[in-house]
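To start, the structure under review is shown below, and the notes come after it.
The values are calculated or read from the model by the stated rules, or taken from the named source; none is laboratory data. Everything quoted here is computed from the prediction, not taken from an experiment. All Cβ positions, even for glycine, are placed from backbone atoms using ideal geometry, and neighbour counts span all protein chains on display.
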Amino acid sequence: MYYLGVDVGSVSTDLVLLNERKEVIEKLYLRTKGKPIAAIQEGFKALKGKYENVEIAAVGTTGSGRQIASTLIGADAVKNEITAHAVAALETDNDVRTIIEIGGQDSKIIVLKNGIVTDFAMNTVCAAGTGSFLDRQAERLEIPIEAFGDYALEAKGSVRIAGRCAVFAESDMIHKQQMGYNEGEIIKGLCEALVRNYLNNVAKGKEIQSKIFFQGGVAANLGMKSAFEDALGKSVFIPEHYNMMGAIGAALIAKAKAEKAGKTMFKGFDLAESIFSSKSFECQGCSNGCEVVKIQENEAVIGCFGDRCGKWGSELAV
Amino acid sequence: MKITFPHMGNIYFAAKTLFGDLGIDYVIPPISSKASLELGSLHSAEEMCLPFKIMIGNYIHAIEKGADTVIITGSCGPCRLGEYCELQMNLMKRLGYNLDFIVIDSPNDIGAKELLSRFGKISSKSTLSKTNKIAALLRAIKVINLVDEIEAMARNKAGYEVNKGESKKILNECKKEAMNCSDGKSMIALLNSYKTRLENIEADKNKNPIKIAIIGEIYTVIEPFSNLYIEDKLMDYGVSTHRTLSPSWWLKNLVLSPINLNQLDIKRKAKEYLPLMIGGHARECIGEAVLAHDEGFDGAIQIFPMGCMPEIVSKAILPQISKDKDFPILTLVVDEMTGEAGYITRIEAFIDLLERRKDNVLSRC
């Protein structure tokens, strides 16, 4: 039996399959590109021939697209990213005390004690320092994002970059480029600025204790890891499946939930071939004026979101 | 004269009773929505706090329905809400609306005589006898107390109900039906019948639900649109919530404050952390947080609009309370830019946190 976890994030859609021993046997990292349904279908296409529907014992979804994913797939558990990341990290190592998670547009800190979450925080006003910003800078410097971290590691010195705001950080980088600093130094400076920003905003007032896990897509950037280690004076661990932790957490939560329920809600891999369409409209029922989104699979309505009163059916799966 | 007022939670029920029974022409602005916020944001200064913007939207919507007089509360306390009336008068004038404002302020600040003359401006439009006017006022007070009581009961019962969603359904139905009542008497009768219904819903006394106290800035905790209907969301998750601040609490507080008998327990609880009144409801927020811990709540959620000075002060104090008492507190800041996705994620994660703490005794060591 296998357990499927789906994390639909702003930048990537991740799918993992765990086996009975909770080991990752399949992982897919796909770009969401603003089309969560298409990304899920792409992932399912890749899994379809290899696994049978009946082999899937539980499905969990997480990420900003967790509701839509749940409607499509038929999820046993729909969990927020914070809990999913914490569950996955605890499965890897029960002694973890701090989780630094930086994804496409969110950055989070999760504080744990004795294996349970005691505090957390999330960026609220600014996305400086998250994956999409780094993506954009890599593109602008014409360096593949995968190599971004190596440039930082090889740099001898660093340039101070103003990292409080993404737009100003970019102007400052351009300014430093034009003054003649080399790319490596600028990238290292950028990593340090982003770490400073993270520690001053997201992690403000939180006690960061070892063991520290660094996960989410940005953990691929070794420059960020070493900047964190320098700033904290502590070692930072990157778990093996750092960019899949959300999906792994969702699969683990779903496993527990489906075992309790004794069955799964999984609709099967066939949705890879279905034609999905979504329509949004403003409900005129009352002065709330909710924006309702209707999801259709092969012309049949499978779910509606966004209404407050439940008129269009916002059944809550928690 | 056609009276209107800005929305704030259940106040419109009392207003309907009062003006309806007095026979004064009035308009209830459409329930606060995206449209009111967009309209308000368009005309307000960008840094202005969220309540101001929603209120401006309420006014413009009410004017479209014929309103020409606004009743609003003011205060000379160190919070921007106290100055709203002056700012809004200027703003509405500049927008070309000819609106009359009647500001209800504490007698300490404007004097009892001035307050009575302002009340007189409203009541003189009614043809009822003095006794009947007072009776109408009392009915309105009865209504607001009842609605707030029903709401509080429903929010609490959501954690215990056997049939999921029942208390929310009754609450929504009650509010809808109440607005169809023709006068105060029938509304009170209806509210009483709903109160009985709610009292008798099937509840599981052995359930031990997550209990959360909602604390923070008065407008954003009371007006559901401004906090993205957080209490409704928590009901869906089967969480019992309690909120001290409400229109009826405010009224009671106002009456008791000149003789210093208001909210004694809150003041006492806040003393250790914030012994002074620093404006807004910062001291209440601190007192309620301590009180919530003492009363066995699992956690508290503080809500305030971006840029709210008093609540920023209390936000800085709350982590200390959280640490001293081992009591989780989540702070949510709302404004017109609030993204719902991140907001829900934090609420859900907070509930998970509370749930897991409950299951794991070790975590409190």
Filter result (surrounded by fewer than 19 Cβ atoms within 10 Å (Cβ to Cβ) and within 14 Å of chain A (Cβ to nearest Cβ)) within the stretch B:238-284:
B:238
It is to be established whether one or more residues within the stretch B:340-347 are more than 20 Å from residue B:242 (Cα to Cα), at pLDDT 90 or above and not assigned by TED's automatic domain parsing to the domain that holds residue B:80.
no
Exactly one of (1) within 19 Å of the chain's Cα centre (by Cα); (2) part of a loop (DSSP other than H, G, I, E, B) is unmet by residue A:195. Its number?
(2)
Selection from the stretch B:234-271 of residues in contact with a Leu (Cβ under 9 Å, 6 or more places away or on another chain) and part of a strand (DSSP E or B) yields B:240, B:241
Which of the residues spanning the stretch B:31-50 are under 18 Å from the mean Cα position of the chain (by Cα), closer than 22 Å to residue A:291 by Cα and away from chain A (no Cβ under 14 Å)?
B:50
Considering only the stretch A:290-308, state which residues are loosely packed, with under 15 Cβ neighbours inside 10 Å and either within 14 Å of chain B (Cβ to nearest Cβ) or among the charged types (D, E, K, R) (or both).
A:291, A:299
Please go through the stretch B:318-330 and give me each residue that is surrounded by fewer than 19 Cβ atoms within 10 Å (Cβ to Cβ) and either touching a residue at least 40 places away in the same chain (Cβ under 8 Å) or part of a helix (DSSP H, G or I) (or both), ordered by number.
B:319, B:320, B:323, B:324, B:325
Could we say that residue A:66 is surrounded by fewer than 24 Cβ atoms within 10 Å (Cβ to Cβ) and either touching a strand residue (DSSP E or B) at 6+ places or on another chain (Cβ under 6 Å) or more than 9 Å from chain B (Cβ to nearest Cβ) (or both) here?
no
Conditions (1) away from chain B (no Cβ under 13 Å); (2) basic (Lys, Arg); (3) more than 30 Å from residue A:98 (Cα to Cα): number failed by residue A:311
(1)
Test for residue B:196: is it of a type in the set (S, T, N, Q) and crowded, with 22+ Cβ neighbours inside 10 Å
no
Can you go through A:198, A:181 and tell me which one is surrounded by fewer than 24 Cβ atoms within 10 Å (Cβ to Cβ) and within 17 Å of residue A:162 (Cβ to Cβ)?
A:181
Exactly one condition in (1) touching an Asp or Glu at 6+ places or on another chain (Cβ under 9 Å); (2) at the interface with another protein chain (Cβ under 10 Å from one of its Cβ atoms) is false for residue A:120; which is it?
(1)
Any chance residue A:86 is touching a Ser or Thr at 6+ places or on another chain (Cβ under 6 Å) and either away from every other protein chain (no Cβ under 14 Å) or outside any loop (DSSP other than H, G, I, E, B) (or both):
no
The conditions are (1) buried (at least 17 other Cβ atoms within 10 Å of the Cβ); (2) under 30 Å from residue A:158 (Cα atoms), and residue A:233 fails exactly one of them. Which is it?
(1)
So which residues in the stretch B:1-52 are among the basic types (Lys, Arg) and more than 22 Å from residue B:135 (Cα to Cα), if there are any at all?
B:34
Unmet criterion (only one of (1) under 24 Å from the mean Cα position of the chain (by Cα); (2) modelled with pLDDT under 85) for residue A:162:
(1)
A careful count of residues in the stretch A:40-76 that are within 23 Å of residue A:301 (Cβ to Cβ) and assigned to a strand (DSSP E or B) gives 2
Looking only at the stretch A:139-153, count how many residues are assigned to a helix (DSSP H, G or I) and either on the phi > 0 side of the Ramachandran plot or surrounded by 13 or more Cβ atoms within 10 Å (Cβ to Cβ) (or both).
8
Inside the stretch B:303-317, the number of residues satisfying the requirement of being surrounded by fewer than 24 Cβ atoms within 10 Å (Cβ to Cβ) and either within 14 Å of chain A (Cβ to nearest Cβ) or under 19 Å from residue A:120 (Cα atoms) (or both) is 6
Just give me the residues in the stretch B:333-365 being more than 9 Å from chain A (Cβ to nearest Cβ), in contact (Cβ under 8 Å) with a residue 40 or more places away in the chain and among the hydrophobic types (A, V, I, L, M, F, W, C), in sequence order.
B:334, B:354
Is it the case that some residue within the stretch B:277-286 is modelled with pLDDT of 95 or more, of a type in the set (Gly, Ala, Ser) and either more than 29 Å from residue A:117 (Cα to Cα) or not in a helix (DSSP H, G or I) (or both)?
no
Going residue by residue through the stretch B:141-149, is there one that turns out to be of a type in the set (A, V, I, L, M, F, W, C), farther than 14 Å from residue B:12 by Cα and surrounded by 20 or more Cβ atoms within 10 Å (Cβ to Cβ)?
no
